[in-house]
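The values are calculated or read from the model by the stated rules, or taken from the named source; none is laboratory data. All values derive from a computational prediction rather than experimental measurement. In this analysis, Cβ positions are derived from the backbone assuming ideal geometry, glycine residues included, and neighbour counts consider all displayed protein chains.
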Amino acid sequence: MGLEPAAEILSYFDENTNAACYIVRDPTSQNCAVIDSILDFDLAAGRVSTTHADMLVSEITSRGWNLEWIIETHVHADHLSAAPYLAKELGGKIAIGSNIDAVQKVFGKIFNAGTEFQMDGSQFDVLFKDGDEFKIGNLPVRVIHTPGHTPACVTYIIADSAFIGDTLFMPDFGTARADFPGGSATDLFNSIQRILSLPDDTKLFLCHDYKANGRDEFAWQTTVIEQKKHNVHVGDGKTESEFVEFRTKRDAQLSMPKLIIPSIQTNMRAGNLPPKEDDGTHYLKIPINKL
């Protein structure tokens, strides 16, 4: 894609969900994108709020920027997306990887979403395929399909940076789980290799951090070379068979994410809650013995 100027990147970490989101601006214009936005959710009360999203709105409007894109690296199981709220407040197209339909077909059945739920990705404005390119203002973005954690995971490569979702965590924490419906440890390993084939100095921006034992601070930015050398799951030349064996055993010991039930039902709808029922209230379903 040539030698593009580095993007201006603002990062925000939410300790309630251990999630990072980003504002990425084209340095030659006022256009920007939000990657992996966060909607606040009180699980005990079943209540949503927009504190985190309002902070993004304030950051963008105070700088006079134009929100052109609201993009997701995947259907998150750890937090709800604020994409529809941001689009309502600031405009912008909501986008995700084109394999979203595979996620919707699996989880549409798990949550018995009904015939009114379209399992074709039509809830999103744009669906990106592997190799697609688009622009934030004048800033080129390349999309690569990086499945494994979910079938629809994508990575966005912007100049010398890559936004990699949950494929990799910080080197001392390792890699994403691959046991969700449609996940694959083999696919995840191959996707990680695609990311690690980028130039060594490529900055990698993560979606989550859980602070590995012995680390005092949260961190959500690393580099390709740091991952190659030090990632505890795939670094230092670990083979596919070693990774798949480890990842499979590790995943069998993990519990479900705390917010998976509200998150998936909402995020598979591009951040929209399930339709209101006849009393005018949104309801989320809890499938018993399905996850």
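Cβ separations smaller than 9 Å between residues 6+ apart or across chains give the following pairs from the range 12-29 residues that are over 18 Å from Asp216 (Cβ atoms) and without any contact (Cβ under 8 Å) to a residue 60 or more places away in the chain to residues that are in a loop (DSSP other than H, G, I, E, B) and among the aromatic types (Phe, Trp, Tyr): Ile23/Trp65.
For the residues Ser58, Ser37, Ser11, the requirement of being of a type outside the set (Val, Ile, Thr), part of a loop (DSSP other than H, G, I, E, B) and either at pLDDT 95 or above or within 16 Å of His208 (Cβ to Cβ) (or both) singles out Ser37. The set of residues from the range 185-223 being in contact (Cβ under 8 Å) with a residue 60 or more places away in the chain and either among the basic types (Lys, Arg) or crowded, with 18+ Cβ neighbours inside 10 Å (or both) comprises Ala185, Phe205, Leu206, Cys207, His208, Asp209, Trp220. Considered as a group, the residues in the range 40-53 that are in contact (Cβ under 8 Å) with a residue 24 or more places away in the chain and either part of a helix (DSSP H, G or I) or among the basic types (Lys, Arg) (or both) include one that is surrounded by the most Cβ atoms within 10 Å (Cβ to Cβ), and that residue is Ala53. Scan the range 236-280 residue by residue and report those that are acidic (Asp, Glu) and either in contact with a helix residue (DSSP H, G or I) (Cβ under 7 Å, 6 or more places away or on another chain) or surrounded by fewer than 15 Cβ atoms within 10 Å (Cβ to Cβ) (or both). If the condition is that a residue be acidic (Asp, Glu) and either in contact with a helix residue (DSSP H, G or I) (Cβ under 7 Å, 6 or more places away or on another chain) or surrounded by fewer than 15 Cβ atoms within 10 Å (Cβ to Cβ) (or both), then Asp236, Glu240, Glu242, Glu245, Glu277, Asp278, Asp279 are the ones that fit. Cβ-Cβ distances below 7 Å connect the following pairs, each with a first residue in the range 86-107 that is among the hydroxyl-bearing types (Ser, Thr, Tyr), a second residue that is in a loop (DSSP other than H, G, I, E, B), and a separation of six or more residues or different chains: Ser98/Gly121; Ser98/Lys129. Just so you know, in the range 14-34 the residues that are assigned to a loop (DSSP other than H, G, I, E, B) and within 15 Å of the chain's Cα centre (by Cα) include one that is surrounded by the most Cβ atoms within 10 Å (Cβ to Cβ), and it is Thr17.
Residues in the range 205-229 that are of a type outside the set (D, E, K, R) and within 10 Å of Phe173 (Cα to Cα): 3 in all. Can Gly182 be described as at pLDDT 95 or above, on the phi > 0 side of the Ramachandran plot and surrounded by 15 or more Cβ atoms within 10 Å (Cβ to Cβ)? When the stated conditions are applied, Gly182 does not pass them.
On inspection, Ala87 passes the criterion of being more than 27 Å from Pro199 (Cα to Cα) and over 16 Å from the mean Cα position of the chain (by Cα). Could you list all residues from the range 81-107 that are part of a strand (DSSP E or B) and surrounded by fewer than 23 Cβ atoms within 10 Å (Cβ to Cβ)? Lys93, Ile94, listed by residue number. Which condition does Lys290 not pass, out of (1) without any contact (Cβ under 8 Å) to a residue 60 or more places away in the chain; (2) basic (Lys, Arg); (3) loosely packed, with under 14 Cβ neighbours inside 10 Å, if it passes all the others? Just one mismatch for Lys290, condition (1). Would you check which residues across the range 239-291 are closer than 27 Å to Asp36 by Cβ, among the charged types (D, E, K, R) and assigned to a loop (DSSP other than H, G, I, E, B) and list them? Hits for the range 239-291 are Lys258, Arg269, Lys276, Lys285, Lys290.
Taking the conditions exactly as written (surrounded by 14 or more Cβ atoms within 10 Å (Cβ to Cβ), farther than 19 Å from Thr155 by Cβ and within 17 Å of the chain's Cα centre (by Cα)), does Leu56 satisfy them or not? Yes, satisfied.
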